[in-house]
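Remarks on the structure that follows.
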Amino acid sequence: MNTAYPTQIANPLEEPNPGISRRSFVRHATAVGATGIAALGGFVSTASAIQKEDDGDRDRDDHNHLQKGDRAILIAAEIAEALAVTTYSNIINTAPFFTRLASDDQGYLAAALQEEMSHYLLERSVTDQPTPFTSFFYPLHMFADAQTTLNTLVTLEDAFIAAYLVGVRNFSTSKLRVTSARIMGIESDHRTLARVVGPGVASSDGGPIEAITGIQGVAESVDPPNNNGYERTLCWSRIEQAVNALLPFVDSASAGAAGFDTSKSYPFQPFTPTLPFSLGEFISFKGC
């Protein structure tokens, strides 16, 4: 294993820098315009007061009928998906180890990129507003070092799974809850397949990688790659907990406090995705 670079990243679950709070997270959003202010303002101010479930479960296909708590979760999900798209696209386009992976491992990463972009566009279609953050920070040696890249990728997928489970817990309608579960299942696929990639990393890139450290800060053997009997909730029950996990990736001060590389940020570059197979496409919020 390549020991030239650190094999673990700062744990986003740890308390952020005391000088950086959810309030400063909102202030940072002002730099990206009025849409960002509205999004993150609702995102944070309602995060600890998710609306009570609507027993009648009325149809709310019109985004204007979203409850505030629903919108908070969806905006958080948009930020996460924009971050995922940026991560996968840079692995594919800039990481040296990617070119030396087996074709099926490359295919997983390419398909994951398309899927994450599809998730983002679906969520944007519901909120009718884009992610308020369009540039992201990463740990030192991200994309250059395979171990760091896979640790970060699994860390993010761990966070996405837990965040979508917050949606399953707190969305106000069954349509949104089922949609959250459907996306969460794909993020779980991505976590497992990221762990499949480890042993396929070439020796010249520090491979084979036999252990990967995710968001809980514990190096876990990649054998078996599907090592969860149940999805990990990370004990998250409020969307503000997902906010804290995202802070180092979107805020330069938090990034620096977490030991991330603040000399460069990576832009989110949206595109029109093509999903791998028609039977796996979204179709409708009814779950059909």
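No lab work stands behind these numbers, since they all come straight from the coordinates. Bear in mind that the values here come from a model prediction, so they are computed numbers and not experimental data. In this analysis, Cβ positions are derived from the backbone assuming ideal geometry, glycine residues included, and neighbour counts consider all displayed protein chains.
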(request) Tell me which residues come under 5 Å, amide H to amide H, from S265 once H is placed; ignore anything under 5 positions away on its chain. (result) none
(request) Pop a pseudo-label 7 angstrom from the Cα along the beta-carbon direction at both R232 and N93 and give the gap in nm to one decimal. (result) 3.0 nm
(request) Place the peptides 197-203, 223-229, 233-239 in order of packing, highest mean first, counting for every residue the other Cβ atoms within 10 Å and averaging per peptide. (result) 197-203, 233-239, 223-229
(request) Within the set of other residues whose C-beta is less than 13 Å from the C-beta of R232, count the net charge using Lys and Arg as +1 and Asp and Glu as -1. (result) -4
(request) Taking amide H positions as placed in the peptide plane 1.01 Å from N, state which residues far from E220 in sequence (5 or more) or on other chains have amide H under 5 Å from it. (result) I212, T213, G214
(request) Could you please state, rounded to a whole Å, how far the C-alpha centre of the stretch 188-204 is from the C-alpha centre of the stretch 208-266? (result) 16 Å
(message) Need the full-extension length gain, E210 to L275, defined as separation in residues times 0.36 nm minus the C-alpha distance. One decimal, nm.
(response) 20.4 nm
(message) Through the Karplus equation 6.51 cos²θ - 1.76 cosθ + 1.60, θ set to phi - 60°, convert the phi angles of the stretch 208-215 into ³J(HN,Hα) values in whole Hz; use x for Gly and Pro.
(response) x, 8, 10, 8, 10, 9, x, 5
(request) Could you list which residues have their amide H under 5 Å from that of F143, counting only those 5 or more apart in sequence or on another chain, with H placed in the peptide plane? (result) T149
(message) In whole Hz and in residue order, list the ³J(HN,Hα) couplings for the stretch 89-95 that follow from phi through the Karplus curve 6.51 cos²θ - 1.76 cosθ + 1.60, θ = phi - 60°; x for Gly and Pro.
(response) 5, 6, 4, 5, 8, 10, 6
(request) Calculate one ³J(HN,Hα) per residue across the stretch 147-156 by plugging θ = phi - 60° into the Karplus curve 6.51 cos²θ - 1.76 cosθ + 1.60, and present them in order as whole Hz with x for glycine and proline. (result) 4, 4, 5, 6, 4, 5, 4, 5, 4, 5
